[in-house]
Amino acid sequence: MQIIQKLQRIALYQCTPLREEFLNRTLAKTIESLKDCTEDGEYAVYGTIKGVDGGADWFIPTCRCGSEVIPRNGFYYCSDCKKCVVNVIPRYRIKARVNDASDSATFVIFESLGCLLLHKSCSEMLKLSEGVPVGCEQPDVFKQMLLEKSFIFKVEVKTANNNDFEPFYNVIDICFNDRIIAKFMEMHSSFFSPQTDKIIGYSTDGKTNRWQCIVLRKEFDCGLC
Ligand SMILES: [Zn+2]
């Protein structure tokens, strides 16, 4: 009994920050209102991944320092380290096309969150893709793990990007927890049309999201969120 109580206390401790972050600390927005933002900031947006833009452009070659390297005279060059890089590390830069009831936008998912979503590092994913026939620019696993999946994305708005014809938003965090997602929907019901509610019902009832919360975020289902 003491062990169970201890686990519940640990679960509460670990789960509450996530709930706080996505439900209380971060201002919620629809994609349409995100595009109307005139101030830089971080916002929580619920949406469904409908595709990955850019064909084979779902990863970037990087230096050990984390910066993107550029091809130069047959080598890769890191402008931050100011040197040629021999051991280039591939990292995710997935340009996900995300829809909600109001609009759609490109959300850019980088290495750490890409690993959470796909359960593999970018290097591992590239090895898996070696056997893929020419012309298939994106691994099959994208369809299974990304497409039609709905999450709350915490995204960063940089008004400088709004000058682009199609702005993009870097993803800072993703909430997989179906109870937090359900609460988010309840708190912001005006964001969602009846059609979207149908998609959300499917998504939040799925066991996958809860499993991802527990396994990937190494958090327990505390029963409160
Ligand atoms: Zn570097």
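Rule-based calculations on the coordinates, nothing more; no lab input. All values reported here derive from a predicted model rather than from experimental measurement. Methodologically, a virtual Cβ is constructed for each residue, glycine included, from the backbone with ideal geometry; neighbour enumeration extends over all protein chains shown.
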Exercise. Could you state the number of Å between the C-alpha centres of segment 45-72 and segment 75-105?
Worked result: 3 Å
Problem set entry | Separation of the K158 and Q144 label points, Cα + 7 Å toward Cβ, nm | 3.5 nm
For this session: Rounded to whole Å and sorted largest first, list the principal axis extents of the Cα atoms in segment 60-105.
Result: 47, 19, 15
Exercise. Which cross-chain or sequence-distant (5 or more) residues have an amide H under 5 Å from the amide H of V69, H modelled 1.01 Å from N in plane?
Worked result: T62, C63
Exercise. For segment 40-46, what does the Karplus curve 6.51 cos²θ - 1.76 cosθ + 1.60, with θ = phi - 60°, yield as ³J(HN,Hα) per residue in whole Hz, taken in order and with x for Gly and Pro?
Worked result: 5, x, 10, 9, 9, 10, 8
Seminar exercise, completed: The long-range amide H neighbours of V157, using H built 1.01 Å from N in the peptide plane and a cut-off of under 5 Å, are G41, E42, Y43
Exercise. What are the ³J(HN,Hα) values, in whole Hz, obtained from phi via the Karplus relation 6.51 cos²θ - 1.76 cosθ + 1.60 with θ = phi - 60°, for each residue of segment 31-36 in sequence order, with x given for Gly and Pro?
Worked result: 5, 4, 6, 4, 5, 8
Problem set entry | Under 14 Å, Cβ to Cβ, from V52 - net charge with Lys/Arg +1 and Asp/Glu -1 | +1
Exercise. What is the distance, in nm, between label points placed 7 Å from the Cα along the Cα-to-Cβ direction at L116 and at F168?
Worked result: 2.0 nm
Seminar exercise, completed: Residue separation between E20 and C81 times 0.36 nm, minus their alpha-carbon distance, gives in nm 18.1 nm
For this session: Compute the length gained on full extension between V88 and D103: take 0.36 nm times their separation in residues and subtract their Cα-Cα distance, giving the result in nm to one decimal.
Result: 1.7 nm
For this session: Enumerate the calculated ³J(HN,Hα) couplings along segment 24-30 in order (Karplus 6.51 cos²θ - 1.76 cosθ + 1.60, θ = phi - 60°), each rounded to whole Hz, writing x wherever the residue is Gly or Pro.
Result: 10, 7, 10, 5, 8, 9, 7
Exercise. Hey, if you put +1 on the Cβ of every Lys and Arg and -1 on every Asp and Glu Cβ in segment 26-84, which of L27, Y76, G66 ends up farthest toward the positive end of that dipole?
Worked result: Y76
